[in-house]
Amino acid sequence: MASLAWVVFALPAIAFLLIGLVTLSNPRLSSLISILAVAGSWVLALVVFAAVAGGARLEQGFPWLSIGPDAALPFGIRVDSLSAMMLVVVTTVSLLIQVYSLGYMAGDPGFARYYCFLSLFTFSMLGLVLAANLLTIFIFWEGVGVCSYLLIGHWFAKPEAAEAAKKAFVTTRFGDFGFLIGILLLFTITARLGEPTLDFARLAELAENGQLMTFGSGLVTVAAVLLFCGAIGKSAQFPLHVWLPDAMEGPTPVSALIHAATMVAAGVYLVARAFPLFETVPTALTVVAIIGGFTAIFAATMGLVANDIKRVMAYSTVSQLGYMMLGLGSGALVAGTFHLFTHAFFKALLFLTAGSVIHAIGTQDLREMGGLRRYMPITFATMGFAGAALAGIPPLSGFWSKDEVLAAAYSSGNWVLFLFAMITVFLTAFYMFRAWFMTFFGEWRGGRQESSIDVHAADAARIAQDVHGTHGAVHAAGGHAAPHGGAHAPGSTPHESPAVMSIPLLILLVPTLVSGFWALLGPASFAAFIEGKPEPFRFDPVVGGLSIVLAVLGIGLAYLIYGARAMRPISVQPLYELLAHKYWIDEIYNKIMDVVILAGAQLVFLFDLRVIDGIVDGIGRLAVGIGYTVRTLQSGRVQAYAMVVFGGLLVIMVFTTLLPLLGVGTR
Amino acid sequence: MLLPVGPIHYLIFATLLFAIGMYGALARRNAVAVLLSIELMFNGAAILFVTFARYLQIVQGFELAGQLFAIFIITVAAADAAVGLAIVVAVYRLRHTVQVDQIDLMKG
Amino acid sequence: MSSFDVFYGLAFYLFAILTLVGAFGMVLTRNMVRSALLLVLALGGVATIYLLLSADFLAIVQLLVYVGAIMVLMLFAIMLTPNQVDLPALAERGQRLLALVVAIGFFIIATATVVTTSWKWSSEPLNTTTTLQIGQQLLGNFVLPFEIASVLLTAAMIGAIIIAQEE
């Protein structure tokens with residue numbers, strides 16, 4: 001039963017190939033293939049989950065890269081509680097988002113291409129989740145990275161989108177570099193121990209029985225931190241967080257899927273998978289916790305002043321990922337993973353509701369929204385619940401998972417991080433409901449004042465023109481610049497999204513409300529499921545109560561300022577500037593890159609000019625010089641030649657007659 | 001050592017003549033002078049042969065080989081002088097000079 | 001040491017010095033005609049040396065051919081190729097020095113070789129008239145070189161005529 005897992009991630013791969021090679025010209029067929037594939041995967045994922053819940057485990061692979069005469073790095077999958085849980089999460093969210101995209105992306109000229117890459121992404125993500133060893137996970141890690149690039153840059157003719165895609169890829173590359181070095185380091189250590197391996201299970205064994213530390217714990221700490229570097233990149237933690245806000249240039253369903261629920265969770269998943277390793281080197285765990293905790297509050301501050309609804313969500317994602325890292329870093333594997341689980345659902349829901357709003361009124365700017373609760377009740381309600389879950393209001397799912405993280409942070413003894421986390425609770429509630437109030441309360445002012453059609457269709461139109469005009473090779477799936485069914489000219493009354501978009505919202509509402517309760521199921525609880533042994537739910541009433549209070553305060557403040565407009569927002573201009581410009585980090589990075597790269601390029605250029613050209617020219621000049629010198633020998637004067645002849649004769653005579661005479665030379 | 005005069009004296013003498021001729025061949029500028037010096041070198045060599053003919057143990061039947069050699073040297077020297085001077089004359093006709101350092105058409 | 005040896009030695013030294021005077025003079029003088037005439041002196045000296053070496057036929061041949069014919073030829077050539085008088089007769093200093101070095105070096109090495117080699121001197125140095133024997137050898141053991149020499153002379157003659165022809 002558990003070996004059905006192979007089929008789970010093979011189905012989207014087949015869909016990708018089919019769509020990419022065969023049906024790119026037929027958007028409807030492409031979407032159908034993709035959705036069928038992911039639906040099939042979903043069903044099978046549930047089956048696998050049931051099997052694992054019943055105790056089934058699987059580790060299967062085949063030798064892939066031969067590294068010696070009789071050794072080979074395997075490509076393998078591992079089906080256990082962690083991966084089974086992730087399978088369900090990924091397939092569920094993917095399926096819902098793919099259905100949602102039918103409505104959101106309708107009429108887009110790149111419709112088929114979109115589904116093609118979505119299938120590829122689903123395949124990569126599922127492969128990542130199922131990976132049994134570091135090599136396999138790295139392959140799929142890169143796979144999801146590529147898909148992220150492709151999907152962020154879906155509207156590649158728009159310069160900001162292309163830039164954002166590139167930025168995402170390059171930034172995560174930095175992390176991946178550290179990741180790879182970490183992998184190599186672990187491989188070297190295990191090879192020195194006699195049996196080179198990158199297998200998670202094997203590494204866990206070696207870590208637990210202490211063999212891994214044979215060469216000193218410092219080395220293992222470095223390896224763990226390097227692995228975490230990959231997670232920093234992929235999960236957009238500080239300092240590699242800069243790509244995620246920009247990644248919002250991609251279509252909103254993409255943001256929901258990749259940059260909220262799944263891909264960015266890969267970093268957390270990696271740490272979870274390698275957790276036994278991390279546990280043996282507490283320093284590494286501390287690093288994880290510190291970065292996670294800092295990122296949580298850091299991102300939350302930037303979310304306070306964001307005016308683009310998707311950006312608010314993006315900062316929220318970064319912040320919540322920080323929470324997960326904090327949980328893991330505090331030694332609570334269960335807390336971090338549980339928050340990953342609940343967050344996937346409510347964050348996907350948040351993004352999809354944002355997409356619903358954007359689709360309806362054609363703008364992403366909060367300042368142009370208002371009063372939409374009358375026109376979009378479903379979206380209004382679902383975003384409200386999801387936002388409450390994010391803020392950690394019981395009995396919604398977010399409360400339970402966030403509380404576990406906070407409890408873990410508290411009990412790990414790190415006061416500063418705990419403080420950060422608590423402040424972040426307040427900030428999270430505040431910025432989330434600021435966005436909610438700005439969107440749905442107040443008066444509808446008719447949206448954007450431009451006379452063009454909505455952002456989405458306008459860009460689609462421009463892109464279609466570019467695509468048809470200059471990129472003939474792109475498979476623009478039969479789309480012209482016709483506005484699709486959901487676009488509305490500003491000034492007209494916004495209305496709720498079509499069913500194909502609203503129903504996924506409602507479906508996602510269910511886990512948002514109830515998934516938290518899995519923690520309370522005693523012997524069948526999340527903790528028991530993951531760790532294989534029942535554990536009572538760690539509920540600290542003080543921490544829990546405090547977080548509820550902070551959340552309510554945040555919501556209340558947001559209501560006062562943005563809902564009832566009873567208070568003016570406090571404006572501290574320099575602080576605002578700092579936050580609005582994202583602490584100028586992008587600018588700093590650019591500057592550093594400029595300096596470093598230009599300096600490096602200058603150096604290389606000079607090297608090429610002086611050394612390489614010098615050598616090449618030098619050889620040329622040497623040849624010419626030798627030529628000139630030798631030329632003087634050919635004077636044309638016979639007497640000079642005669643001189644040389646006799647001189648040579650003299651030399652020969654010296655060697656043949658004189659030296660033997662003097663006794664020098666071989667006897 | 002100086003007396004009685006033996007083969008060594010002749011040998012040294014012949015070598016000296018040869019060396020003098022060599023110097024002349026390398027140091028004179030007139031082409032004919034060079035040819036004259038070469039004649040001197042021939043003579044040095046011939047004296048060597050004749051000396052060996054007189055003083056060396058030689059195979060039966062070839063006792064005067066050295067002197068015969070010297071005769072042939074003279075013959076060859078004659079031929080060489082003839083041709084060499086013909087060339088000099090021809091060159092003089094063309095270039096109006098017989099300075100060896102001015103005849104450098106094969107330069108470079 | 002017999003008186004013969006003494007006289008013999010004196011004769012050798014006299015003629016040798018004569019020859020050397022001619023030789024040195026020939027290479028050092030600037031005047032071409034003087035140079036040729038000094039060579040004549042040297043060649044004459046060589047002829048006398050041949051006499052001392054019991055090569056009577058050779059001595060006469062030397063005088064007849066070398067002095068009589070070759071040197072005359074040289075003198076003709078000198079007359080036919082008059083140089084401007086102010087042109088330098090000897091090479092520049094550097095070249096002369098180098099030539100000197102080479103010549104002296106050669107002389108030293110050759111002499112050293114000659115002196116240190118253990119020659120198989122015969123007990124009885126040659127002391128006969130040689131004409132008869134030379135004649136016999138020329139048409140006997142040395143007939144091949146003899147014939148080749150004639151061919152050589154013919155070729156040289158023809159070559160010289162052709163080269164020196166007026167166009």
For the subset of the stretch B:94-108 comprising residues that are within 7 Å of chain A (Cβ to nearest Cβ) and in a helix (DSSP H, G or I), which member is surrounded by the most Cβ atoms within 10 Å (Cβ to Cβ)?
B:100
Considering each of B:76, B:88 in turn, give the residue that is over 22 Å from residue C:142 (Cβ atoms) and of a type in the set (A, V, I, L, M).
B:88
What are the residue pairs meeting all of these: first residue in the stretch C:12-30, first residue outside the structural domain of residue C:45 (by TED's automatic domain parsing), second residue charged (D, E, K, R) and assigned to a helix (DSSP H, G or I), Cβ atoms under 7 Å, and 6 or more apart or on different chains?
none
Note: among B:64, B:11, just one is crowded, with 20+ Cβ neighbours inside 10 Å, under 30 Å from residue A:641 (Cβ atoms) and within 7 Å of chain C (Cβ to nearest Cβ), namely B:11
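Let's see how each residue does on (1) farther than 25 Å from residue A:644 by Cβ; (2) part of a helix (DSSP H, G or I); (3) facing chain B (nearest Cβ under 8 Å):
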site	(1), (2), (3)
C:87	no, no, yes
C:101	no, yes, no
C:109	no, yes, no
C:125	yes, no, yes
C:144	yes, yes, no
C:154	yes, yes, no
Among the listed residues B:6, B:24, which satisfies the condition of being closer than 23 Å to residue C:112 by Cα and either more than 7 Å from chain C (Cβ to nearest Cβ) or in contact with a Lys or Arg (Cβ under 9 Å, 6 or more places away or on another chain) (or both)?
B:6
Could you check, for the stretch A:264-276, whether at least one of its residues is surrounded by 19 or more Cβ atoms within 10 Å (Cβ to Cβ) and outside any helix (DSSP H, G or I)?
yes
Residues that are out of contact with any Ser or Thr (no Cβ under 8 Å at 6 or more places or on another chain), surrounded by 20 or more Cβ atoms within 10 Å (Cβ to Cβ), closer than 18 Å to residue C:126 by Cβ and at the interface with chain B (Cβ under 7 Å from one of its Cβ atoms), drawn from the stretch C:1-59
C:12, C:50
Output the residues belonging to the stretch C:35-58 that are under 16 Å from residue B:5 (Cα atoms) and of a type in the set (S, T, N, Q).
C:48, C:54
The stretch A:361-384, residues that are surrounded by fewer than 24 Cβ atoms within 10 Å (Cβ to Cβ) and either among the small types (Gly, Ala, Ser) or farther than 21 Å from residue A:307 by Cα (or both):
A:370, A:371, A:374, A:375, A:377, A:378, A:381, A:384
Conditions (1) among the β-branched types (Val, Ile, Thr); (2) part of a helix (DSSP H, G or I); (3) surrounded by fewer than 22 Cβ atoms within 10 Å (Cβ to Cβ): number failed by residue A:288:
(3)
If I go through the stretch A:623-637 residue by residue, how many of them are more than 14 Å from every other protein chain (Cβ to nearest Cβ) and either surrounded by 11 or more Cβ atoms within 10 Å (Cβ to Cβ) or in contact with a Leu (Cβ under 6 Å, 6 or more places away or on another chain) (or both)?
1
Would you check if residue C:40 is of a type in the set (A, V, I, L, M, F, W, C) and within 17 Å of residue B:81 (Cβ to Cβ)?
yes
Taking interchain pairs and intrachain pairs at least six residues apart, which have beta carbon atoms under 6 angstrom, with the first residue in the stretch A:638-657 and at the interface with another protein chain (Cβ under 7 Å from one of its Cβ atoms) and the second among the hydroxyl-bearing types (Ser, Thr, Tyr)?
A:657/C:113
List the number of the failed condition for residue A:583; all other conditions in (1) at the interface with another protein chain (Cβ under 10 Å from one of its Cβ atoms); (2) assigned to a helix (DSSP H, G or I); (3) surrounded by 13 or more Cβ atoms within 10 Å (Cβ to Cβ) hold.
(1)
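The values are calculated or read from the model by the stated rules, or taken from the named source; none is laboratory data. Computed from a prediction, not measured in an experiment: that's the story for all the values here. For neighbour counting, all protein chains shown are included, and Cβ atoms are generated from backbone atoms with ideal geometry for every residue, glycine included.
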